[in-house]
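Have a look at the structure below, then the notes.
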Amino acid sequence: MPKITSNEGKPYAEIGTLLRNLRLRRGMSQFDLADASGINNSYLSRIENGERRPSPKILKRFSEILQFPYDELVVTSGILSEDFVKSTPSETSGGDPTTQALQQLISGIQGKPAGSNGSSAAMAAAPRRAMPVYDTVPAGLLKDANVIEAHADIEKLVLSEDEMMYDPKSFGLIVQGDSMLEAGILDGDTLIVSPATQVSNGDIAVVQVNRRQTTVKKVYFENESVILQPANSNYRPQVLKYPDEVEILGKVVLVRRKLI
């Protein structure tokens, strides 16, 4: 058994030590893990030495390669707190061996949250239907009378009506990037979006900017403008004219995450 090591005094010592020990236990060299993860060896060395914190996207690669729970890596890295993750109920999607984390951590959700009675049997018995999942929302989406029929070639996700807020135009959006990281929304998460649910100040919503760019932000309405506020101190808010430059596509009502 390889010797367990630590990096005391380094800012990201805990995640660096854990990753090094997981790698050694699988008999991998630094070069092996770096190559499999698509990063260079010197960057991995700095991570293992506790000098750099890997991004959620890189942690997801480590999780798959090292066969270690993604959420545990995220918590150990300090990106999310343990209490935040523990408050997230999880389920196994039918027919899919991959565990799904179903997050209901977005504040201000209107109506009864899915599974609020604590009964998984009742949740399984609830009416379920398919909804489309996009990597970017097509222009004119909300003009479709029936989202599923209009986009029959798009990947679908089957959820209960509770989870979709009983909204026939609900849809999924795969997160790209880390601008909402501090709200617990990570790269690769699937957002469940309800166009019919009212969006108020401070809510997290999916918006379309200038009919082209789809983004997820906290929204604040101010006179004839809307402020798009990221949940990441590395990004600045945008102030845009509303509704000329911004279309509100829907409120984020659930966050769904795949775990190892």
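Every number here is computed from the coordinates shown, using simple stated rules; none is lab data. All values derive from a computational prediction rather than experimental measurement. Note that we place each Cβ from the backbone using ideal geometry, even for glycine, and neighbour counts take in every protein chain shown.
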(message) Can you divide the C-alpha Rg of the range 169-234 by 2.2 N^0.38 Å and report the result to two decimal places?
(response) 1.09
(request) Sticking with the crude label model, points 7 Å out along Cα→Cβ, report the distance from Tyr220 to Ile39 in nm, one decimal please. (result) 3.3 nm
(request) For each pair in Lys218/Lys258; Lys57/Lys241; Lys10/Lys218; Lys10/Lys60; Lys60/Lys241; Lys57/Lys218, compute the distance between the two Cα atoms and list the pairs where it is over 25 Å. (result) Lys57/Lys241; Lys10/Lys218; Lys60/Lys241
(message) As a footprinting exposure proxy, order Val209, Val253 by other Cβ within 10 Å, with the fewest listed first.
(response) Val209, Val253
(message) What are the equivalent ellipsoid semi-axes of the range 13-84, built from the alpha-carbon gyration tensor (square roots of five times its eigenvalues), in whole angstrom, biggest first?
(response) 18, 13, 11
